[in-house]
1. Test each condition in (1) within 16 Å of the ligand (Cβ to nearest atom); (2) outside any loop (DSSP other than H, G, I, E, B); (3) out of contact with any helix residue (DSSP H, G or I) (no Cβ under 7 Å at 6 or more places or on another chain) for residue 233 and report the one that comes out false.
2. Would you say residue 119 is part of a loop (DSSP other than H, G, I, E, B), on the phi > 0 side of the Ramachandran plot and within 13 Å of the ligand (Cβ to nearest atom)?
3. Filter segment 249-274 down to residues that are in contact with a helix residue (DSSP H, G or I) (Cβ under 8 Å, 6 or more places away or on another chain) and more than 16 Å from the ligand (Cβ to nearest atom), then give me how many there are.
4. Would you check which residues across segment 125-156 are more than 17 Å from residue 256 (Cα to Cα) and part of a helix (DSSP H, G or I) and list them?
5. For residue 300, state whether it is in contact with a helix residue (DSSP H, G or I) (Cβ under 9 Å, 6 or more places away or on another chain), within 24 Å of residue 12 (Cβ to Cβ) and at pLDDT 95 or above.
6. Pick from segment 375-400 the residues that are under 18 Å from the mean Cα position of the chain (by Cα) and part of a loop (DSSP other than H, G, I, E, B): which of them is nearest to residue 527 (Cα to Cα)?
7. Restricting to segment 416-464, what's the tally of residues that are closer than 16 Å to residue 405 by Cα and in a loop (DSSP other than H, G, I, E, B)?
8. What residue, among those in segment 223-238 that are without any contact (Cβ under 8 Å) to a residue 40 or more places away in the chain and surrounded by 11 or more Cβ atoms within 10 Å (Cβ to Cβ), is nearest to residue 169 (Cα to Cα)?
Ligand code: GDP
């Protein structure tokens, strides 16, 4: 039997990430969330450190200097409402990459932030697709109510129709823009009044209890009070009540309204997160399901960050603990390479600083120093042989042919590319009919990163050329003849990836659908398990 203290610690954990389109307010809400977690004294300290700051098409070395700092914000841990919350950063803007997708496979819930003036945007759609792979529970924050926004019912309709998830409003906005009065908390039956210009600190809650309270008419005006009562009648008839089970299954999202900049409504969302979001979930491995409260440690690597400290060229592998607890100096089994390794200097991310990890439990993230033996998807245990599933590669969306300036260095180039692809920085494809090397990425900045790292770490000068590839799929089939047929018909579209898996490189979406139609016995996968 695991001891009760340990079980309580695990149950306190809430590990989540934010999904949003650039500029919807992810950085701002992160600042406010950390403010509530008492991690930063004044909001406004996250911005400009580079976590989503704007890297122009920049020199990777400069960027890496900034990253040395911004990395401290890649995992943030703070206490709230008796819980220990882990917020994992999802690189957005130019540093959007496959890492962003993979972070979503390492959390137990997600917060979707939507700009209420714009509604559902493209990046959010993509990220929601990824959360669907594991039916991750989603909370929603409709942001920027201090500006003119779209009608809240219309916004929820759009989420329901476009993202295929039911909406259950928990708070409801009263007005927007200049006439934003506050929010009504439907479950608590109370109105919270908004005062502008107080976004930088934790405000006292100005509460009016009860929808029928005459004080409400006095506080926000009769017209707004009447409109709110009308809205609530509409909602009672027409929208979904909150249902915890449907939320946990990823079928329904509780919706909160507010303004991150004004730090208003964010605490209601955090209350919802700590009350309803799951504590660390059990996780499938190849041999069995591992329970979070098992005492023995197990975990998997979901991200490798290179060059955290430019002086040391160290790489940090981020491990999500699935079960058990970590303590300094413990010995762990690196399952893939069948070796025991002593972990004496893992880092945790308490309070936004890199600190020596004293202990961490299931749900937490630790960073371990990596000298090249750790890959994305690797499993660590206290000895048991098992592999966690569900940490995939995602089909790249951008492609370039890469060429050497000095053709004699082909070997180094290939070696560098394969290693960088094992780290998850990019993916590399070798067409079966040519000696080309094609690099695929999810975010455009990765191309610059790769050329810069090839130069500095492998001493090769490489340049890119355009290539007529728009998407990739990993192909497999139970019927060897079907694969042979594919190789005969479209050899020019086939390539091996960095792990020697056969891949179809399509010039367009239409080309892909046609090929899929013509080869019904071949499976075309948009993700590949490590
Ligand atoms: P990110 O790209 O999603 O991280 O978005 P940011 O947090 O950087 O926000 C993008 C811009 O929107 C910034 O100029 C913010 O100040 C602004 N912003 C964020 N939240 C709000 C809000 O609630 N109201 C208003 N008016 N602006 C906001």
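The values are calculated or read from the model by the stated rules, or taken from the named source; none is laboratory data. Here the structure is a predicted model, which means the values were calculated and not measured. Please note: Cβ atoms are built from the backbone with ideal geometry, for glycine as well, and neighbour counts cover all protein chains shown.
1. Single failed check for residue 233: (1).
2. Numbers: part of a loop (DSSP other than H, G, I, E, B): yes; on the phi > 0 side of the Ramachandran plot: yes; within 13 Å of the ligand (Cβ to nearest atom): no.
Considered against the rule, which asks whether it is part of a loop (DSSP other than H, G, I, E, B), on the phi > 0 side of the Ramachandran plot and within 13 Å of the ligand (Cβ to nearest atom), residue 119 comes out as no.
3. Number satisfying all stated conditions: 4.
4. Scanning segment 125-156 gives 125, 126, 127, 128, 129, 130, 131, 132.
5. Working: in contact with a helix residue (DSSP H, G or I) (Cβ under 9 Å, 6 or more places away or on another chain): no; within 24 Å of residue 12 (Cβ to Cβ): yes; at pLDDT 95 or above: yes.
No; evaluated as a whole, the condition is false for this residue.
6. 395
7. Of the residues in segment 416-464, 6 are closer than 16 Å to residue 405 by Cα and in a loop (DSSP other than H, G, I, E, B).
8. The residue in question is 229.
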